[in-house]
Amino acid sequence: MFNKRVAPRNVPKHIGIILDGNGRWATKRGLPRNYGHRKGVEAIFRTIEASLKFGIKYMSVFAFSTENWKRSKEEIDGIFSLVKEFFESEIDKIVTSGVKINFFGDLTAFSEDIREVLYKAVELSKNNNKLTFNMCLNYGGKQDIVQSVNNLISNGKKMITEQDISDNLYSKGMPDLDFVIRTSGEERLSNFMIYQAAYAELYFPKVLWPDFNEKELWKALVVYSKRKRRFGGY
Ligand code: IPE
Ligand code: IPE
Ligand code: MG
């Protein structure tokens, strides 16, 4: 059963991944941190394929937070040139595999050439519906809520409901997160989709993100399938 890695019966509809441990993965091997990020981007594309295989409909990945600007310019530039490189080289494959790509976060912070590649990926994949893949770039959960409320204010709303806020988040129209995985053993959300994760099951495997693969996702799905979700009931 394990070798075939058949997805457990109750696969989460929407899975969130806080990818963490790229830096530690590289440092452990005496390599520059950006090499860890390269392996980390490879792991993202590997995980998209595994998610398709297991029938997950929505996957949101935290790749760069509004707090990550505190890092060195060299590391930040390295991360964005990797993102650009991978979207350029992988886009055809992604589009033919039926994945719809979205970016959550404020993309205006990025240079024109990077934005062009990201918008192109969104445009080319917009009619796909097998798996919706949301990449959070320059994203913060608090910022997501604030921009949602600001939208509502500019539309003249005086009183707002929970549903109004949901309907104006980057994830509008998508189900809330059922399951959040954070790799590397750190046990916090670090401002990742906090509104959407209100009732998510949380899982913190020790594996560092560059080593994440189909087998690790399968193990996570098995853990999820054993959780009892109560939503306040019994
Ligand atoms: C996650 O890996 C990637 C980003 C946050 C951009 P880290 O770069 O945080 O890796 P560690 O936590 O330093 O090992
Ligand atoms: C969270 O990872 C942000 C992303 C995965 C993009 P960090 O490594 O930046 O988080 P902290 O600083 O350990 O909380
Ligand atoms: Mg980290």
Report task. Take residue 163 and decide whether it is at pLDDT 95 or above, open to solvent by less than 70 Å² (accessible area, probe 1.4 Å), more than 16 Å from ligand 3 (Cβ to nearest atom) and more than 23 Å from residue 46 (Cβ to Cβ). Result -> no
**Report entry** Selected residue (only one of 148, 184 is at positive phi and assigned to a helix (DSSP H, G or I))
**Finding:** 184
Report task. Determine which member of the set 208, 221 is buried (at least 19 other Cβ atoms within 10 Å of the Cβ), under 16 Å from residue 47 (Cβ atoms), in contact with a Gly (Cβ under 6 Å, 6 or more places away or on another chain) and in contact (Cβ under 8 Å) with a residue 40 or more places away in the chain. Result -> 208
Report summary line: Within segment 94-126, residues under 16 Å from residue 77 (Cα atoms) and of a type in the set (A, V, I, L, M, F, W, C) come out as 107, 109, 110, 114, 117, 118
Query - Selected residue [among the aromatic types (Phe, Trp, Tyr), within 14 Å of residue 19 (Cβ to Cβ) and without any contact (Cβ under 8 Å) to a residue 60 or more places away in the chain] from 199, 195, 203 - result: 203
Query - Sole residue being more than 16 Å from ligand 1 (Cβ to nearest atom), under 20 Å from residue 83 (Cα atoms) and of a type outside the set (Gly, Ala, Ser), chosen from 126, 130 - result: 126
Query raised in the report: Of everything in segment 1-19 that's farther than 20 Å from residue 102 by Cα and either within 16 Å of ligand 3 (Cβ to nearest atom) or not aliphatic (A, V, I, L, M) (or both), which residue is most open to solvent (accessible area, probe 1.4 Å)?
Result: 9
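Can you name every residue in segment 151-174 that is in a helix (DSSP H, G or I) and hydrophobic (A, V, I, L, M, F, W, C)?
152, 153, 165
Considering only segment 142-170, how many residues are in contact with a strand residue (DSSP E or B) (Cβ under 9 Å, 6 or more places away or on another chain) and touching a residue at least 40 places away in the same chain (Cβ under 8 Å)? Spell out how you get there, then give the answer.
Keep residues of segment 142-170 that are in contact with a strand residue (DSSP E or B) (Cβ under 9 Å, 6 or more places away or on another chain), which gives 144, 169-170.
Okay, now just the ones that are also touching a residue at least 40 places away in the same chain (Cβ under 8 Å), so 144, 170.
Number satisfying all stated conditions: 2.
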Requested in this report: Please enumerate the residues belonging to segment 205-229 that are more than 19 Å from residue 104 (Cβ to Cβ), within 16 Å of ligand 2 (Cβ to nearest atom) and either of a type in the set (Val, Ile, Thr) or within 15 Å of the chain's Cα centre (by Cα) (or both).
Outcome: 207, 210, 212
Query - residue 12 vs. criteria assigned to a loop (DSSP other than H, G, I, E, B) and either near ligand 1 (Cβ under 10 Å from one of its atoms) or in contact with a Phe, Trp or Tyr (Cβ under 6 Å, 6 or more places away or on another chain) (or both) - result: yes
Report task. Report, by residue number, each residue of segment 171-190 that is touching a strand residue (DSSP E or B) at 6+ places or on another chain (Cβ under 6 Å) and surrounded by fewer than 20 Cβ atoms within 10 Å (Cβ to Cβ). Result -> 174, 175
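The values are calculated or read from the model by the stated rules, or taken from the named source; none is laboratory data. Here the structure is a predicted model, which means the values were calculated and not measured. Counting neighbours? That spans all protein chains shown, and the Cβs are built from the backbone with ideal geometry, glycine included. What goes into the accessible areas is simple: the full protein's heavy atoms, side chains included, and nothing from ligands, DNA or RNA. Shrake-Rupley method; radii C 1.70, N 1.55, O 1.52, S 1.80 Å.
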